[in-house]
Amino acid sequence: MNRRQSFSIELLAGLLAVSLSHVGMAAAAGGVIEGTVKVTGVASSADAVVYIQQAPGTFPPPAKPADMDQRSMQFSPHVLPVIAGTTVHFLNSDPTPHNVFSPDNEKYNLGTWPQGQTKDHAFAKCVKAPCVYVQLCRVHPEMEAYVVVLQNPFFATTGKDGQYKIENVPPGSYSVAVWHAKGKSQPKPVTVDAAKPAVVDFVLGKTS
Ligand SMILES: [Cu+2]
């Protein structure tokens, strides 16, 4: 083998190593779980939370608090999924005082405060996810929202069309579940790999 041939082989080996490392990176990247949730008997299939029940490892809450606003006499978002340990910033954007309380789990009443002010509540733990906290306002009984505390960050909320997409899921086998204020369905098994999205659809029956 002359020097030139040897160089070509080295070059080829180098290119092969580079392309293999790219394949390796793709395999290590996260996968996607996506699909549609249909909630029977309600006008909109929005605000269903689809989540992995239990993922291996521990997941620290985000450094930045999650936000729930009270605006135009409504909580926004209507449904807020968070990881256990997350602090939620409750803001009042209305010119009228609002209150925030929840009768669920450890229960809290954050008081009543005027426009532009915030109060925080830390959803410190959740032994058995999902830990659901209805958010209510004593001043306006029609106001209602939900904080849904989960074990891991692999969750998504459905849009008006009922569609959801959970991204960056480590490849593996999981049980994927759905929570909705007015519907119920059994969890489903899913196997996630990076090559193509796993599709999981749910049809929710009425809870009562
Ligand atoms: Cu209110």
Checklist entry - Out of all the residues in the range 103-128, which are of a type in the set (A, V, I, L, M) and either surrounded by 12 or more Cβ atoms within 10 Å (Cβ to Cβ) or in a strand (DSSP E or B) (or both)? => result L110, A122, A124
Checklist outcome for this item: Given (1) surrounded by fewer than 19 Cβ atoms within 10 Å (Cβ to Cβ); (2) more than 16 Å from the ligand (Cβ to nearest atom); (3) on the phi < 0 side of the Ramachandran plot; (4) touching a residue at least 60 places away in the same chain (Cβ under 8 Å), N168 misses just (3)
Checklist entry - How many residues are within 16 Å of G35 (Cβ to Cβ) and out of contact with any Phe, Trp or Tyr (no Cβ under 6 Å at 6 or more places or on another chain) when one looks only at the range 152-176? => result 13
Next on the checklist: If I filter the range 73-95 down to residues being within 11 Å of the ligand (Cβ to nearest atom) and open to solvent by 40 Å² or more (accessible area, probe 1.4 Å), which single residue comes out as nearest to Q54 (Cα to Cα)?
Outcome noted: Q74
Checklist entry - Where residues in the range 135-153 are open to solvent by 20 Å² or more (accessible area, probe 1.4 Å), touching a strand residue (DSSP E or B) at 6+ places or on another chain (Cβ under 7 Å) and under 19 Å from A66 (Cα atoms), which of them is nearest to the ligand (Cβ to nearest atom)? => result L136
Item to check | Checklist (1) assigned to a loop (DSSP other than H, G, I, E, B); (2) open to solvent by 80 Å² or more (accessible area, probe 1.4 Å) applied to P189, failing item | outcome: (1)
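The values are calculated or read from the model by the stated rules, or taken from the named source; none is laboratory data. Computed from a predicted structure; not experimentally measured. Ideal geometry is used to build each Cβ from the backbone, glycine not excepted, and the neighbour counts take in all protein chains shown. For accessibility, only protein heavy atoms count, side chains too; no ligands or nucleic acids. Shrake-Rupley method; radii C 1.70, N 1.55, O 1.52, S 1.80 Å.
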